[in-house]
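One structure, pasted below without further comment.
Please treat every number below as a calculation from the coordinates, not as lab data. Every value quoted in this text rests on a predicted model; they were computed, and no experiment measured them. Don't worry about glycine lacking a Cβ; one is built from the backbone with ideal geometry, like all the others, and counts go over all protein chains shown.
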Amino acid sequence: MFDAENPDSQLFLSRVFQCLANPNTRKIVELLALGPRSVGEFLQVLDSTETRIKAAMTVLQTVGLVTEGKDRGGTTTVYLLNRMGLNLAQSWLGRVDAIAGDPVKSES
């Protein structure tokens, strides 16, 4: 949960939004929302390189948007969406929404 008084929370939220500012990173997050993926699977759908995808995964792991695991056979590294980072962003957006109020009610 986002804590406006906590500098670590502020920094973490900034890093989440910095990651999501990149269109390729947003696409990776969207793909992971559909299920776990390997680097090879990302290469099939993204116009990128293995090096860039692995670098993106490292950054996404750092901010809590992605975790790493193994496929069912236990041989291939796969990446999974970690809701921690998303929950932090949603918590902050909910806070802003609550502060702003309901514009429909305000206009009445």
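More than 17 angstrom separation, counting every C-alpha pair in segment 54-96; what % is that?
Tail fraction, whole percent: 42.
Just how large is the dipole of the chain about the Cα centre, in debye to the nearest 20, putting +1 at every Lys and Arg Cβ and -1 at every Asp and Glu Cβ?
Computed about the Cα centre, the dipole is about 320 debye.
Another question about this same structure. Which value in nm describes the separation of the simple spin-label points at Asp8 and Lys70, placed 7 Å from the Cα toward the beta carbon?
3.1 nm
Also, quick follow-up: For segment 17-108, run through the GluC sites (Glu not before Pro) and keep only the ones in DSSP coil with at most 13 other Cβ atoms within 10 Å of their Cβ.
Counting only loop positions with at most 13 other Cβ atoms within 10 Å, none of the GluC sites (Glu not before Pro) in segment 17-108 qualifies.
For the chain, modelled as a Gaussian network with Cα springs under 10 Å, which listed residue fluctuates most, Gly64, Gly74, Gly35?
Gly74
Kindly state, as a whole number, the per residue volume in cubic angstrom of the convex hull around the alpha carbon atoms of the chain.
126 Å³
Tell me the net charge near Gln10. Cut-off is 14 Å between Cβ atoms, Gln10 excluded, with +1 for each Lys or Arg and -1 for each Asp or Glu.
-1
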